[in-house]
Every structure is written in C-alpha cells, then in structure tokens.
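Laboratory data are not the source of any read-out in this text; all were calculated from the coordinates shown. Please read these numbers as outputs of a predicted model, since none were measured by experiment. Note: ideal-geometry Cβ built from the backbone for every residue, glycine included; neighbour counts use all protein chains shown.
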Amino acid sequence: MTSLKNMQSQSRENDDATVELVSRFGRLELLDDLVRLRASDEEQVPILAYPRLEGNAIVYDRFTGKDLEKLVSNGVAQLGAHGFSIPSEKKVIALLSLSDMDMVIMFLALSRLGYTVMMLSPRLSATACVSLLEKTGCDTIFYGSTVTICDTVRHISELRSVTIKPLFRRIPHGTPGDFPEYPATTDVRDPDGIALILHSSGSTGTPKPLFLTHRALMTHPLRGPGLTSFNSLPWYHLHGLSTALQAMWQRKTAFMWNASLPLTTSSLVAALHTSQPESISAVPYVLQLLIETSSGIDALKRCSLVTYGGAPCPDELGDTLVNEGVRFGGAFGLTEAGLVAESISRPVGDKAWNYLRFFPDIQKFIYMKPLGDNLFECVYLRGHPALTASNSNDPPGSYHSKDIFTPHRVLPGRWKYVTRLDDRITLLNGEKVLPLPIEGCIKQHSAIREAVVAGVGKAVPALLVFRSDDAPETPEKDFIDEIWPVVQAANAISEQFSQISRDMIAILPPTIQCPLTDKGSLIRAKVYADFADVINNIYEKAENCSSGSLQLSIEETVMHLLHLCRNELGVTIGDTGISFFDQGIDSLQALHLRRLVLRDFKLKSDEVRHNIVFETGNVDRLAEHIRSLQTGQASCAEDELSIMKGLVEKYSTFEEHSFVSNNHSEGNGVVGGNKIPITHTLTDDLRS
C-alpha cells in the first residue's frame, strides 16, 4: 500500500516535458481555458478548420482562437436568449447532431456556461438514447436537422418527456442582432466537475455512459505531437475530440471532416491535398481506403506521423504502410484512462508498429495481470492522472480494463493488443460486435457444438462453426443450408454491422476441438490464434474470389442489384438514381455489396475497387460500371463530386467565414480573409 500512496502523491507537474508544454501553451483546468488561452495569443493562427465544397474543390474554413472566442460568446448569448442561463446546480444537456461546426460551437458554449454536455452518436436508436438520458438525469436535447436524427428525436419524445430544441446555427461575429457582445458566464471553476459524457457503443442495446471530468479531459492535449492534424472521426468519439484538442492547444490546426459526406478514397485524398496536415489520425478503415491509390499513399508518406486508433489495425494493413515508408504507429487508451500507450517513438529500423509501449509517466500506474497462455489484462492503478472510474478493489481504486495483450518475444516493455476480456469484437471502422448473443442463438441448433464469431480488425464479422459429434458429414454448402435459419434468427437480434452473411461462414469437422475452459466457456483468444489460417481464408475468399457468372444487360443488372440490396442487405432502394449513402447504406454494407457483386457477376476481383459502391454512388451508376468492366468499355459512372454536392445541398448550409484582422497576410490560408489557393480538387483526383 505504501507504493500506491507514493504513486498518488506524484502529479503531472513532476513530468519535465509536461511542465515545459504548460509553460509554452498555458495551464488547462477547464475545457473553456483552451479557447480563452488561444484567443489571448498575440499572434493568431488557425487552430480549427472545417471543410466545405466550393466549386470543384474542398475548401477549409479556418478559425483562430479569437474567431472561436467570438463564436462561442455568440453561442452563449443565443443560449441566454432562449432561457439557458448559468445553471444553479449541475445540469446535463445532450447534443444529438452530426459533428459539424454548429455542434462544436454549441458544445463549447454550453461548457462555458457550466453545463455538462452529453454527446449522443446519431447512430444510436431512440431506445438507446432514452436509456442514456435516464441514466444521466438528462431532460434536454439539442438536435441536428438530418432526416435520421429528426426521426430518432420523434421516437425519443414518444418514449420519454424531454425538452427538445433544434441546434442553434452559429452566428458569425459582427452579425446584427439583439445578443450582447460579451454575455456573462460562470466564474465557478471546478476541474473535478463532469465536463463531458460520452457512451459505449451500445452493442447490447443499452449503451453505458462514460463520464469525463474537466481534469481528465484536459490531460488529452498533453499527449499531442505538436503537429497540424487530420482526423475524420466525429467529436462524439473521444479519439476525434482528443486529436483536435491536442492540436488546438499547441497552436496547430486541427482539420475536421465534413460530417455530411461519405468517406471515399478520392474525397479523402482531395481533403488531404488541400489541408496538407503534418499528421493523420484515423481508424483503420480510412487508412485502408487511402492505400488503394498511389495518391493516397503519397498523402500518407508526406505526413510526419500517421496513427491509428478507435479499432485494432490489421497486421497486413500496418505492414503495408510501414513497408511503403509511412511513419506509422498506434495509440491506445482514451476513454477511462486517457492515452496510455503508443508505438510511434520506435528506433530507426524497428518495424514492430503493432507492439505498444506505455508512456514513461504512466508505466507506474499500469499492472499487467497474467491470464495464462501468455495473455495479460491491462489494469490501471489508483493515482493514474487521467483515470475516470474504478471497478475493482483489487487493488483498491483500480480499473480492470478487460483489454488483453501479449508481450513481444524479444523487445521488453512492448505489448500487442489481442482482444477484449468481455469478448467484444472491434471491426475495422470501430464498430463493436457483441458475439455472445449471436453465438448463443446459433448454438441452439443440434448439429452445432460451438459457434465462434471472429473479425477483430476486419470489415465485417465471420463465423466458425464446430460440428457436433453426431452431425451428418454433409458437404459444407449443404450444412450451411441446414443451419442458415438459426443464423438468420441471430441476425434478426443483432445490429446491422454485427450480422453474419452466408459467405463469411466456415464449417469445422467434429474431430476438431474448440478451445474451452474447465468450466466449458470459450477461450476466445486461443480460438483466434489456433484457427488464424481458417479465419484468414474466409476473408481472402470473400475479398478475392470472383465466382460469379452473370452477364446481364444494364436494366437486368439494375434489377439484380436491387434484389441484393433488399434481400441481402435489408435495404429497399426507392430510387436507383439516389446515392447509396443517402438511402442509408453504410460503409460495412457497401463492402458487403461489393462481395455480393463479385459472387454473382462475372468480374475480375482486382478490377473491382474496395470502395466501388460509394465511388459509383448509386444503383444506376454501379450497374453501368459493372457492365463496362464486362465489356471493356469506359465507365460513365457519376463522379463523387456530384454525389457530394447533392448531399451538401440536402443536409447542410454553409456560411461564409471571414474575420477582420490588422495582420493581413498575403500567404496561404483563410486567416486575415485570404483563402488558400486550391492546387488539388476532387475533379483532379478523379481525372487521374
């Protein structure tokens, strides 16, 4: 216990690097301190940027500290005009919105007034939102204007009595109105008060609220690399918010992604060419899109740093990036204990990007609990500067993370993430699959001894089925036909991204034993290790196997695609000319549709790009593209720019941002009212 007390007595100020950063960029106790500090800088530089379409190009509106200070002040004034004054006691207000600039300003304005802000992902169901509202005592929601969000809000109001208001549009400084120039804000400074409530993925249907104090949230900027950053994740994911705060505090630009646009290779490359970030932080799915083209790889290689987060990165993807010369690594942690480990600061020649090391000042607060089979659970000890919760008294005040690692065979202090103790499977895009309900449902079939969902770091889940001893020795295809009704039953109780498709199932014979504990429970990590070849083969077949024979007319191809969307994806396409994205197809469904196209149509898999569904945009254009590949003719698929323009017109309106400064620059940037010359556009990228 003495050692634990010694740990508690140590603080961030003992870290020389931290002291030096604080002396340069100012001390952060509250979230609002960041905006006020950067607004007081003598030299104003852009610290936040949000993109919009201008003609044929992506343009970033860039905001200095003073710009944000004025926008936040106006946001506070708007809130005051609608009756939201300084709360007399702690009060939670929820934001259910796309992660755009209006949401950013509302978040900062509410925090300045002293409210606790709960950010709700637009992907949550109304039932999940109501559960979070009840658990946090929240009775007020500000919501965005997309069709999906409005439907969710309507269902919330049917389930629970809450105050629901549209999200205020941000008001540029200087706009005529009745709002005071600098409205009064709270003088109460409570670093240990709850600043932000995020939530778990909600794979079980009842997401868990995650509480972050101002003190915990303000540890995140301290881990920044001091580079301009690009991160496509929204701010209701802590990885996206944390990356932005890091850059903003260190007077660097944090480049956001336009929340109303689908992620495609060409649009990502165009945004990166325009923003020219020094670092990129992304989920593996985004990195996978970028390595599909030479321009994407070049954009990554130009960065001083590329990191993954939000989901484990597949070894194949990371190895490709490292071998291409990208300075690549990962970060681990964030929610309960902030950033705790990374794999960036490796010696020259060290390619072990997937083996993390804990930060030196964090190591003393980490205990790697042995689980057997060379597996260890990461446990955070009391005294950890960013620890926001405790779930165990062994030792007192500790947090058992359920994150499982294995050590490097040779390099000391290096750890590779394996899986979660509670068996959640994190897919390539960060979605979390809860396998136990799926497996429990499927194992009800008498011919199945064990069913194991796999897919850590993959785009979609897969399924290993172990036949029971008395199961008939029928061919695999016939066996899948026999058990398919129970798989469909499991899919019916699962989120869309958790559902198992027929081509992602492997059948194992009765003679193959599934690793189980003495109590009969599944040893998941060992299953993944022992059957790695089988699992990899499922994904290789799905990715590369082009077994189809269909060669149809364009009209017949359209009809077949509509059939696939309806019967395989569960999405009814109302208009074949409307974009897939606009009709509710997400990135995982788009990847699945690509596999179905390869399964059914006579095509060469290497000619069908991974993101072909979003790149063609809609059923009509995808059908034309399939036919053009089969006939060798040039595709007349609609370019992404037209798709994105339609989305922007439907979901967003953008105000021209400008501000008056006495320090006008003739260089690149929107600072001082000067816009960056556009050297790369979506059209350029599509042309190449």
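Which lysines have a Cα lying under 24 Å from the Cα of K443, excluding residues fewer than 8 positions away in the same chain?
K432, K458, K477, K519, K526
Between H563 and E543, with labels modelled 7 Å along Cα→Cβ, what's the label distance in nm to one decimal, could you check?
Placing both labels 7 Å beyond Cα along the Cβ direction yields 2.9 nm.
Rounded to the nearest Å, what's the spacing between the alpha carbon centres of region 541-580 and region 89-113? Just the number, please.
Between the Cα centres of region 541-580 and region 89-113 lies a distance of 41 Å.
Gain in length, K351 to E555, computed as 0.36 nm per residue apart minus the alpha-carbon separation, to one decimal in nm?
Length gained, K351 through E555: 68.4 nm.
If I stretch the segment between R189 and H82 completely, what's the gain in nm (0.36 nm per residue apart, minus their alpha carbon distance), one decimal?
36.1 nm
Note down the nm distance, to one decimal, between modelled labels 7 Å out along Cα→Cβ at H400 and at Q513.
The modelled label-to-label distance comes out at 2.7 nm.
Using the per-residue mean of other Cβ atoms lying within 10 Å as a proxy for protection, in what order, highest first, do the peptides 77-83, 46-52 fall?
My ranking of the peptides, most packed first, is 46-52, 77-83.
Run the paramagnetic zone check for R502: 7 angstrom along Cα to Cβ, then residues of region 559-575 with backbone nitrogen under 11 Å.
Only 568 pass the distance filter.
Going from the alpha-carbon gyration tensor of region 425-542, what semi-axes, largest first and in whole Å, does one get by taking the root of 5 times each eigenvalue?
In descending order, the three semi-axes are 20, 16, 15 Å.
FRET efficiency for D469 and S200, Cβ-Cβ distance as r, R0 = 30 Å, nearest 0.05?
Calculated value: 0.20.
If you take the C-alpha gyration tensor of region 17-171, multiply each eigenvalue by 5 and take the square root, what semi-axes do you get, largest first, in whole Å?
30, 21, 14
My understanding is that a pair violates if its Cα-Cα distance is over 22 Å; which of K402/K541; K252/K301; K541/K602; K208/K252 do that in this structure?
Violating the 22 Å Cα-Cα cut-off are K402/K541; K208/K252.
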